[in-house]
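A short worksheet on the structure shown next.
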Amino acid sequence: MHYAEDLRITSPHSYMLFYERFAVLLFQDYYTYIPRFAYGSDDFYDFLLKNPALTEKLRNDCLPIDLLPAHLHEYLSFTYGDKIQSSAILPRLEIMKPNNKVGFCLPQPRQKSIIFKYEGANPYKEIGLKSHFDRIGRYSFVSRLQSVRYLSGNKASEDKIEVLAEDCLAGIFTNKEKSIYYYIFLTEKDPAKALNACKVLNEALYGNYAEE
């Protein structure tokens, strides 16, 4: 993973070759997710969720990628071309949004750098956990991620995220060997926003990996 991260920074072409050869293998065999681009689908959905006006524009028409931040253009151009059609985005956004009369609100974007805490201060101790935390950390409403303990007995039947408190979610990550329980701390204390954040992460992480 150190090697892959170095390639992504120093040699984008080499990183793309690495991705094409090993991304699926790393995910299937080692539960390690690596993004195709420096900024990908998680960054894109996080931006849309924070800018509902763009979502409304997309609802009425296609959305030119020029209206979106430059750091997303490489991913967007590869995935959608010059314009994003509503049919490609809205169904997934609607799934993320709960159907209620209050509206959809997420915890406020973090003002400080995200904090990662691993057992023994070793992010690579458990296979795949770092890439899993890195992906969750792309969502701006997450302030801290912390691994807690191993599940006793057999591995969990499925990985998922649940609301634990008004500013904290609890997740389960499973690799080949074990299931690991972890906390996702949010930037704001609000039970409704915590529920929305939980739904966004469950859909993004477990709705459809094959998108990217």
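The values are calculated or read from the model by the stated rules, or taken from the named source; none is laboratory data. Bear in mind that the values here come from a model prediction, so they are computed numbers and not experimental data. Virtual Cβ from ideal backbone geometry, glycine too; neighbours counted across all protein chains shown.
With respect to the numbered conditions (1) of a type in the set (Phe, Trp, Tyr); (2) over 17 Å from the mean Cα position of the chain (by Cα); (3) surrounded by 15 or more Cβ atoms within 10 Å (Cβ to Cβ), which one is the sole condition not fulfilled by residue 27?
It is condition (2) that residue 27 fails.
Identify, from the list 147, 113, 143, the residue that is under 19 Å from residue 32 (Cβ atoms) and among the small types (Gly, Ala, Ser).
Answer to the check: 147.
Residues that are surrounded by 17 or more Cβ atoms within 10 Å (Cβ to Cβ) and modelled with pLDDT of 85 or more: does segment 79-91 have at least one? Explain how you work it out, then say what you get.
Going through segment 79-91, the residues surrounded by 17 or more Cβ atoms within 10 Å (Cβ to Cβ) turn out to be 79, 84, 89.
Next, from what is left, pick out any that are modelled with pLDDT of 85 or more: 79, 84.
Yes; the residues of segment 79-91 include at least one that is surrounded by 17 or more Cβ atoms within 10 Å (Cβ to Cβ) and modelled with pLDDT of 85 or more.
Take residue 107 and decide whether it is modelled with pLDDT under 90, touching a strand residue (DSSP E or B) at 6+ places or on another chain (Cβ under 8 Å) and either assigned to a loop (DSSP other than H, G, I, E, B) or within 30 Å of residue 56 (Cβ to Cβ) (or both).
Considered against the rule, which asks whether it is modelled with pLDDT under 90, touching a strand residue (DSSP E or B) at 6+ places or on another chain (Cβ under 8 Å) and either assigned to a loop (DSSP other than H, G, I, E, B) or within 30 Å of residue 56 (Cβ to Cβ) (or both), residue 107 comes out as no.
Quick one: in segment 119-156, of everything that is in a strand (DSSP E or B) and over 13 Å from the mean Cα position of the chain (by Cα), which residue is surrounded by the fewest Cβ atoms within 10 Å (Cβ to Cβ)?
Only one residue fits best here, namely 149.
On the given criteria, is residue 159 in contact with a Ser or Thr (Cβ under 7 Å, 6 or more places away or on another chain), at pLDDT 90 or above, closer than 29 Å to residue 3 by Cβ and crowded, with 17+ Cβ neighbours inside 10 Å?
Answer is yes for this residue.
With a cut-off of at least 1 residues that are of a type in the set (Lys, Arg) and touching a helix residue (DSSP H, G or I) at 6+ places or on another chain (Cβ under 7 Å), name the helices (runs of 4 or more DSSP H) lying wholly within segment 1-75.
Numbers: elements: 2-10, 12-30, 41-50, 52-60.
Result: 2-10, 52-60.
Take the residues in segment 17-42 that are farther than 16 Å from residue 3 by Cα and of a type in the set (D, E, K, R), then tell me which one is modelled with the lowest pLDDT.
Going through the qualifying residues, I end up with 29.
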